[in-house]
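One structure below.
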Amino acid sequence: MSNNTIQQGEILRKINSPEDVKKLRHDQLPQLSKEVRQYIIDVVSHRPGHLGASLGTVELTVALHYVFNTPYDRVIWDVGHQAYAHKILTGRKDIFNTQRTYGGISGFPKMSESEYDAFGTGHSSTSISAALGMSVASQLKGEKDRQHIAVIGDGALTGGMAFEALNQAGAENGNLLVILNDNGIAIDKSVGALNRYFTNITASRSYNRFKNKIWNLLGGNSHSRKSSPVHFIQVFLGALKSFLFRGTSNLFESFNFRYFGPVDGHDIKELTKILNRLKHIQGPKVLHIVTKKGKGLDVAEKDPILYHAPGLFDSKTGQLAPVENASPYLRFQDVFGHTLLELATKNQSIVGITPAMPSGCSMNIMMDKMPERTFDVGIAEQHAVTFAAGLASQGLKPFCNIYSSFMQRAYDQVIHDVALQKLPVVLCLDRAGIVGEDGPTHHGVFDLAYFRPIPDLIISAPMHEHDLRNLMFTAEETDMPFVIRYPRGKGSIQDWKNKMKKLPVGKARCLKTGENIAILSFGHAGIEAAKACEQLDFTGKNAAHYNFIFLKPLDEEMLHEICKNFSRIITVEDGVIKGGFGSAVAEFILENKYNIHIQALGVPDHFVEQGSISQLTHDCGFDAEAIIRMINKE
């Protein structure tokens with residue numbers, strides 16, 4: 001289905017840029033919001049993407065482009081999957097149908113895609129830092145009228161980096177507006193004391209109504225000097241609040257931010273009025289809006305977790321499309337979840353940790369049965385790793401599950417708090433390798449290269465589900481830091497629930513004997529290598545296949561045997577070639593002075609865009625076809 005077959009509303013048809021939005025009458029904005037929301041539903045229903053978050057920010061998006069002078073005024077979206085309405089209103093309406101597809105537009109803000117995308121955002125908690133940097137730059141360049149707006153939502157404020165930015169921003173005086181899009185949920189339900197604070201902050205609404213009435217009566221939009229009556233009343237109101245609401249002080253005002261809210265984030269008329277006022281107030285400000293994730297689609301409002309990224313669905317009813325020819329194989333993440341519960345049932349020292357992804361990584365399976373032994377720490381990967389280290393230091397066995405690309409944010413903690421102290425934390429890296437439509441911010445292709453130099457760190461990857469279960473059991477039985485990285489998607493073994501066994505750490509295996517050429521695969525890339533070997537057999541080529549489950553320690557005994565019996569080696573991995581498995585094998589060959597021709601297949605030295613996993617694996621050149629093509633090059 002193309003965008004041309006999706007009906008656009010009467011107003012939306014005429015909108016090709018924010019300048020067109022500004023031409024509308026104020027009373028037309030609710031209708032535009034309604035049409036944009038329906039357009040998102042219609043497109044995403046057949047072109048799967050992130051749905052709920054963007055439905056919740058429609059009115060805010062329209063209001064921002066109506067009030068502010070974008071792109072001169074900078075709007076930074078955090079997290080990026082709440083920006084679909086922004087893309088539609090900023091010249092990408094007619095290609096919105098290509099979002100998250102091969103060769104299409106990104107599902108996240110991307111600076112190279114549009115001048116309206118002020119900053120790229122695929123991970124979270126970055127907006128306030130970026131907006132503050134832009135604000136300070138504008139001050140240094142003399143751009144006193146330029147506005148900088150950070151829209152932080154979907155639980156992103158639980159990330160420690162956001163608080164680091166708030167701490168500095170409170171000491172600056174630039175045009176910085178932080179909009180807290182408070183929908184009470186990230187991908188899963190928001191957790192922790194901060195979430196409880198946002199829930200309870202509505203108790204001060206009476207004060208805020210009182211404060212805003214006085215502020216408006218005194219002409220609060222004016223740029224008044226500190227000696228003016230307005231300034232005096234501001235000081236008085238601050239003192240009054242301290243007296244009336246002592247014990248419930250406002251977090252943001254403690255950071256020296258002017259706080260406004262909470263307000264209804266779906267009342268566009270009120271939003272435009274407030275934003276018009278706030279753009280005339282100098283210094284750091286917070287506007288706290290309350291929205292509903294999935295707004296406008298009844299089933300998405302009732303189940304925002306399921307409709308965060310629901311896949312195909314009926315745009316009128318919201319009913320999910322039936323899965324045709326459903327695979328009998330379980331997803332790797334579900335094998336992880338069930339295995340973790342199985343291990344934890346037998347071992348009381350096992351605990352589970354996830355930074356805001358219990359359903360995404362399937363830790364919710366253990367969480368449902370053992371809530372006291374599973375911990376969702378919010379979007380806080382650094383804290384998750386060090387928290388796990390603290391647990392391990394006291395004799396517990398933490399399984400800390402973090403998506404591979406998100407683990408980058410906790411690199412120092414792995415070195416300083418886990419590996420250096422040799423604490424037996426099990427780091428489970430979900431979504432390792434090429435992940436598909438989420439694109440370059442989410443591909444888990446760097447973990448092998450950035451973990452390999454760390455001493456005292458075991459690095460492993462399963463070829464299939466049985467390996468994953470065995471590795472989890474092995475990690476439980478090993479008193480060392482242990483990394484298990486595995487891919488997104490379904491496995492290849494229908495009867496996945498094998499009896500687990502402890503694997504010899506650092507040992508590879510020969511899956512197929514052969515002559516002249518040896519294919520060395522690491523982890524899940526072994527599936528493609530096995531396919532290549534099977535096809536080669538029909539052409540008379542007889543290649544051997546060795547699968548390495550461990551990158552560190554590397555099976556040097558097996559490598560010596562391979563180097564003595566083969567004149568040519570091809571390595572295959574689903575991570576970056578530079579610094580990964582192929583590099584490790586090449587280093588071994590060089591150090592031992594073997595005269596062997598080695599070629600490495602994997603992710604090349606550039607960022608991989610979005611597309612299906614099969615498309616991108618083919619483009620990167622490490623699928624079965626690429627392996628055969630390489631072997632046929634004599």
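The values are calculated or read from the model by the stated rules, or taken from the named source; none is laboratory data. Since this is a predicted model, take the numbers as computed values, not measurements. Neighbour counts run over all protein chains shown; Cβ positions are idealised from the backbone, glycine included. All accessible areas refer to the heavy atoms of the entire protein, side chains included, with ligands and DNA or RNA removed. Shrake-Rupley method; radii C 1.70, N 1.55, O 1.52, S 1.80 Å.
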Using bins 10 angstrom wide from zero, how does P(r) for the chain break down, in % of all Cα pairs?
3, 15, 24, 23, 18, 11, 5, 2, 0, 0
Any idea of Lys141's accessible area? Nearest 10 Å², probe 1.4 Å.
130 Å²
Compute the normalised compactness of the range 16-153: alpha-carbon radius of gyration over 2.2 N^0.38 Å, N being the residue count.
1.02
Report, in whole Å, the centroid distance computed from the Cα atoms of the range 422-485 and the range 67-125.
32 Å
Cβ-Cβ FRET estimate between Gln348 and Lys502, R0 fixed at 25 Å, reported to 0.05
0.85
Among Leu551, Gly159, Asn250, which residue has its Cα furthest toward the positive end of the charge dipole of the chain, with +1 on Lys/Arg Cβ and -1 on Asp/Glu Cβ?
Asn250
With 0.36 nm assigned to each residue of separation and the Cα-Cα distance removed, Lys316 to Ser492 gains 59.8 nm
Whole-number D in µm² s⁻¹ for the range 500-634, Kirkwood Cα-pair radius fed into Stokes-Einstein, 4 °C, 1.567 mPa s
86 µm²/s
How high is the relative contact order of the range 324-479? Use alpha-carbon pairs under 8 Å, at least six apart in sequence, and give a whole percent.
20 percent
Per q in 0.19 1/Å, what log10 I(q)/I(0) does a Debye calculation on the alpha-carbon atoms of the range 401-524 return?
-1.12
Mean Cβ neighbour count within 10 Å, used as a protection proxy, ranking 155-168, 619-632 highest first
155-168, 619-632
What number, rounded to the nearest 500 deg cm²/dmol, is the helix-based mean residue ellipticity at 222 nm of the chain, given -39500 (n - 2.57) per DSSP H run of at least four residues and division by all its residues?
-10500 deg cm²/dmol
Please report, as a whole percent, how much of the solvent-accessible surface of the range 301-435 comes from carbon and sulfur atoms (probe radius 1.4 Å).
54 percent
About the Cα centre, and with charges only on the beta carbon of Lys, Arg (+1) and Asp, Glu (-1), how big is the dipole of the chain? Nearest 20 debye, please.
2140 debye
Lys422 to Asp479: extension gain in nm, 0.36 nm per residue of separation minus the Cα-Cα distance?
19.7 nm
Tell me the per residue accessible area of the chain using a 1.4 Å probe; a whole number in Å² is fine.
42 Å²
Check cross-link reach from Lys497 to the aspartates and glutamates: straight Cα distance under 12 Å, and skip same-chain residues fewer than eight apart.
Asp334, Glu342, Glu465, Asp467
How long is the gain from Glu556 to Asn595 if the chain were fully straight, where each residue apart is worth 0.36 nm and the alpha carbon distance is subtracted?
12.4 nm
Using all alpha carbons of the range 249-362, what is the percent of pairwise distances in each 5 Å bin, ordered from the shortest bin to the longest?
2, 8, 11, 11, 11, 12, 12, 10, 10, 7, 4, 1, 0
Give me Rg/Rg_expected for the range 479-567, where Rg uses Cα atoms only and Rg_expected = 2.2 N^0.38 Å with N residues.
1.21
Rg/Rh ratio calculated on Cα atoms of the range 403-458 (Kirkwood radius)
1.00
Between Glu253 and Lys369, how many nm apart are label points set 7 Å from Cα along the C-beta direction?
4.9 nm
Euclidean distance of C-alpha centroids, the range 576-634 and the range 330-356, integer Å
32 Å
For each pair in Lys87/Lys285; Lys501/Lys593; Lys369/Lys499, compute the distance between the two Cα atoms and list the pairs where it is over 27 Å.
Lys501/Lys593
Whichever lysines have a C-alpha closer than 27 Å to that of Lys93, once near sequence neighbours (fewer than 8 apart) are set aside
Lys14, Lys22, Lys23, Lys34, Lys110, Lys269, Lys273, Lys292, Lys293, Lys295, Lys316
